[in-house]
Amino acid sequence: MSGPGQDVASLPQPPVAEARRGRGLHLPRFALAIPAWLLFLFFFAVPVLWILYYSFGYKPSFLSGQPIATDQLSVSRYGEALSGTFFLTFKNTFQISVIGTFLCLVIGFPFAYWLAVRVDPKWRGLLLGLVIVPFWTNFLVRTIGLRIWMGPQGPISGILQDLGILGSPLDVLFTKFAVQVGVVYNYLPLMILPIFVALDRLDPALREASKDLGAGRFKTMRQVTVPLAMPGIIAGALLVFIPLTGDYITASVLGGAKGNMVGRMVADQFLTAQNWALGSAMAMVLIGMILLAVGLFALIGLGLRALVQRKRRVVLAEVPA
Amino acid sequence: MSSKAAPRRNRIDPVNAGLNIWAILVYAFLFLPIFIIVVYSFNSGRALESWDSFGTNWYRSLVDNPVIRKSVITSLKVAVGATIISTILGSLAGIALARRPGKWVIVFMGLVFLVLVTPEIVDAIALLIWYVRIKGPFGPGFSDIIDSDLINYGLMRLWVGHALFSTAVVTLIVRARLAGFDESLEEAAADLYAPPGRRFRQITLPLMMPAVLAGALLAFSLSLDNTIISTFVAVAGSSPWPVYVFSALRAVLRPEVAAISTIMLLLTLFALSIVAIVLKRSGDSAEEVAKTITGAG
């Protein structure tokens, strides 16, 4: 702001120091964030801790009119949540989310690569916008759309029957398969976007250098593009895995009796079974499962990176002195 | 990139062709379920899932259905309230994070992160438990004091529930925006004797305005689409439209569900295109726009 003009020095000195010291003199540094603090504390942190507390309670008799009792605390709700069909639902959910995350990666990576590298930059913004549109369409509505396609009276069933491939209406709705397709569909944009961002940032010169140094297409992909896109891949995997594991709507719309997931099981305890203690325990196990998986994922990632770095270390030939 | 590939254009590259086909398939996968909702909203039959014939009767019956009309009005009221709360709270927090850093930032960002990663179903049951426990969003007795069409118990439960996630999103967007600008601009204003109020109004506010606007519109769309928290915390008589659709799933789905979805889809897309235009105008690249819009920034 002050150029090398001569008359600057003759101007009265502005009270910079005072202004700087004056700011935040009376208020703590986080003062402006206090309303947000309060919102998060009172309507997120405390209520979630309350779930933890309730998970040690039990369901009182119907006569008491209460959905929860906490006069005797025990861990037996956790035992209940991890037994029989409930445990099976946890196992199925984990399987659906691991396979779902993997499928999103397999489908999303080539697409993100195409969008970031192959598409004419002129069209890139528009094509990227098209990926965001489904993401911002109501989740429930999208899933109902998928249900119409997969239903026994839907267009796919109709076409397959007309062609004589199927003798009876298509029977995939309300199965685990339908839920698997549903979650891949619902979370795919969350995988594409971070990978796109990582690949878009990548300097094309790096790929060209790799080519110039004699690496083929696949070697360049394996040794240059994929390692550099790794932050995007990891972010995408987390962005897909975390909400997918806690998904409630997809299983409710497409799952029926055979394709249940933990989110729906937890909701049922609150909306129909009125067993808040068991529902709370299930919710805590769900959170534990997600944190454990993310932790394991991070450990494996770190381990792999250390391994790769050791293998890749370039040892320069010693120059004789 | 494309310029390098240009001299070989006349030879078909199998990898390129494969990628193009893959991209078309992915777009088809992403859009067909939305497309079918729009198409089936013109299904004149009684069951959504079996096509009968073309007709606009369900759009006409929407107007006559008081439950749907009320649910859309509730949705709009909830969205406006949640947007106001989360925009103000998120902007203030964003300013504090960008301009008053300190050790507190780690704790606060940890909390924001937790809000963003906790499964929505867990947030929903937590709020349900909490509202039952404290008898209303702000303690017993409060709901009796304020009870009108614009502010009431049912709406407040939803405002708070929806504002939770959007406040975290707005905070991140505003923080990212302000972090991109050097504080020297504000210091220059101070050097020129601008009092703090004027400094904020004439320098900080215009700088953060695109982020605030984008955050507000995002909060609005998020609230308009929220299904899970709404299902758990809405009280009878003031439930938003996704709750209506979700409860309709238990019986036979009628094409009116697709009709209302199509209308709400258009509304959401309209809000989002405004966000995109605002961000684009303020000089963000397409990539940054995408990151902001998905809250991944």
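Which value at 222 nm does chain A reach when only helices count, each DSSP H run of 4 or more adding -39,500 (n - 2.57), with the total divided by all residues and rounded to the nearest 500 deg cm²/dmol? Could you put the intermediate results ahead of the total?
On the way: 14 runs with 200 residues, N = 321.
After summing the helix terms and dividing by residue count, I get -20000 deg cm²/dmol.
Of B:LEU217, A:LEU88, how do they rank once you tally other Cβ atoms within 10 Å and put the fewest first?
Values: B:LEU217 22, A:LEU88 11.
So the residues, fewest neighbours to most, are A:LEU88, B:LEU217.
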Once the dipole of the protein assembly as shown is set up from charges on Cβ (+1 Lys and Arg, -1 Asp and Glu), the residue from the list A:ALA277, B:ILE73, A:PRO67 lying farthest towards its positive end is A:ALA277
Considering only A:GLY145, B:LEU172, B:ALA259, whose Cα is most displaced toward the positive end of the charge dipole of the protein assembly as shown, charges sitting on Cβ of Lys, Arg (+1) and Asp, Glu (-1)? B:LEU172
Rounded, prolate or oblate: pick one for chain B, where a ≥ b ≥ c are the square roots of the eigenvalues of its C-alpha gyration tensor, a/c under 1.5 means rounded, and failing that, prolate if a/b is larger than b/c, else oblate. oblate
When Cβ neighbours within 10 Å are restricted to other protein chains, what is their mean count per residue of peptide A:235-246? 2
11 Å beta-carbon shell around A:LEU228, net charge (K/R +1, D/E -1): +1
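Taking only the alpha-carbon atoms of the protein assembly as shown, what semi-axes of the equivalent ellipsoid follow from 5 times the gyration tensor eigenvalues under a square root, in whole Å, largest first?
Working: eigenvalues 321, 260, 144 Å².
They are 40, 36, 27 Å, listed largest first.
Peptide B:129-135: average number of partner chain Cβ atoms within 10 Å per residue? Mind dumping the intermediate values first?
Numbers: counts 13, 9, 2, 4, 5, 3, 0.
That average works out to 5.
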Taking the Cα centre of chain A as origin, sum charge times position over the Cβ atoms of Lys and Arg (+1) and Asp and Glu (-1), and report the length of that vector in debye to the nearest 20. 700
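Which of B:SER184, B:SER61 comes first, and how do the rest follow, when ranked by fewest Cβ neighbours within 10 Å?
B:SER184, B:SER61
Could you give the size of the charge dipole of the stretch A:34-168 about its Cα centre, using +1 on the Cβ of each K and R and -1 on the Cβ of each D and E, expressed in debye and rounded to the nearest 20? Each step should come with its number before you reach the end.
Numbers: 8 positive and 4 negative charges, 57 e Å.
In debye, rounded to 20, the stretch A:34-168 gives about 280.
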If I model a spin label as a point 7 Å beyond the Cα along the Cα-Cβ vector, how far apart are those points for A:LEU160 and B:PHE35 in nm? 1.9
7 Å from Cα along Cα→Cβ at both B:SER273 and A:LEU304: what's the point-to-point distance in nm? 4.1
Ranked highest first by the average count of other Cβ atoms within 10 Å around their residues, in what order do A:296-309, A:96-109 fall? A:96-109, A:296-309
Which of the peptides B:126-135, A:226-235, B:63-72 is most tightly packed, and how do the rest follow, judged by the mean count of other Cβ atoms within 10 Å per residue? B:126-135, A:226-235, B:63-72
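Within a Cβ distance under 13 Å of A:SER55, other residues only, what is the Lys/Arg minus Asp/Glu net charge?
Working: positive: A:LYS59, A:ARG77; negative: A:GLU80.
So the environment of A:SER55 carries a net charge of +1.
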Say R0 is 25 Å: what FRET efficiency, to the nearest 0.05, do A:PHE42 and B:ALA236 get from their beta-carbon distance? 0.50
Can you give the FRET efficiency to the nearest 0.05 for A:LYS258 and A:LEU206, using r as the Cβ-Cβ distance and R₀ = 41 Å? 0.30
Between A:GLY79, A:GLY164, A:GLY288, find the one with the highest GNM mean-square fluctuation for chain A; connect C-alpha pairs within less than 10 Å. A:GLY164
Rg from C-alpha atoms of the stretch A:181-284, normalised by the globular rule of thumb 2.2 N^0.38 Å, equals 1.60
Need the full-extension length gain, B:ALA251 to B:SER50, defined as separation in residues times 0.36 nm minus the C-alpha distance. One decimal, nm. 70.9 nm
Residues B:ASP191, A:ASP200 arranged by fewest to most Cβ contacts within 10 Å: B:ASP191, A:ASP200
Unit charges at the beta carbon, dipole of the protein assembly as shown: most positive-side option, A:ILE300, B:MET109, B:VAL278: A:ILE300
Does the stretch B:216-279 classify as rounded, prolate or oblate by the C-alpha gyration tensor (a ≥ b ≥ c root eigenvalues; a/c under 1.5 gives rounded; else a/b over b/c gives prolate, otherwise oblate)? oblate
Using the Cα centre as the reference, give the magnitude of the dipole from point charges on the C-beta atoms of the protein assembly as shown (Lys, Arg: +1; Asp, Glu: -1; all else neutral), rounded to the nearest 20 debye. 1120
Just report the Cα centroid separation between the stretch B:246-266 and the stretch B:186-200, whole Å. 53
Label 7 Å along Cα→Cβ of A:LEU27; the stretch A:35-53 residues with amide nitrogen under 11 Å? A:35
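Counting only other residues whose beta carbon sits under 12 Å from that of B:TRP58, what net charge do I get with K and R as +1, D and E as -1? Show your work: numbers first, answer last.
Values: positive: B:ARG46, B:ARG60, B:ARG254; negative: B:ASP52, B:ASP64, B:GLU256.
Here the charged neighbours net out to 0.
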What GluC sites (Glu not before Pro) in the stretch B:149-214 are in a loop by DSSP, with at most 15 other Cβ atoms within 10 Å of the Cβ? B:GLU183
How many angstrom separate the Cα center of the stretch B:104-118 from the Cα center of the stretch A:75-137? 23
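When a/c is below 1.5 the answer is rounded, else prolate if a/b is larger than b/c, else oblate, so apply that to chain A with a ≥ b ≥ c taken from the square roots of the Cα gyration tensor eigenvalues. Mind dumping the intermediate values first?
Details: a/c = 1.89, a/b = 1.22, b/c = 1.55.
Oblate is the answer for chain A, as a/c is 1.5 or above yet b/c matches or exceeds a/b.
With a cut-off of at most 14 other beta carbons within 10 Å, and DSSP calling the residue loop, which trypsin sites (Lys or Arg not before Pro) in the stretch B:77-127 qualify? Please list them. Show your work: numbers first, answer last.
On the way: sites: B:LYS77, B:ARG99, B:LYS103; in loops: B:LYS103.
Sparse-neighbourhood loop trypsin sites (Lys or Arg not before Pro): B:LYS103.
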Gap in Å between the Cα centre of the stretch A:230-277 and the Cα centre of the stretch A:172-209? 19
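Taken together, the values in this text are just the output of simple stated rules run on the coordinates, not laboratory data. Just so it is clear, the structure is predicted and the values come from calculations on it, not from any experiment. Every residue, glycine among them, receives a Cβ derived from its backbone with ideal geometry; neighbour counts consider all protein chains shown.
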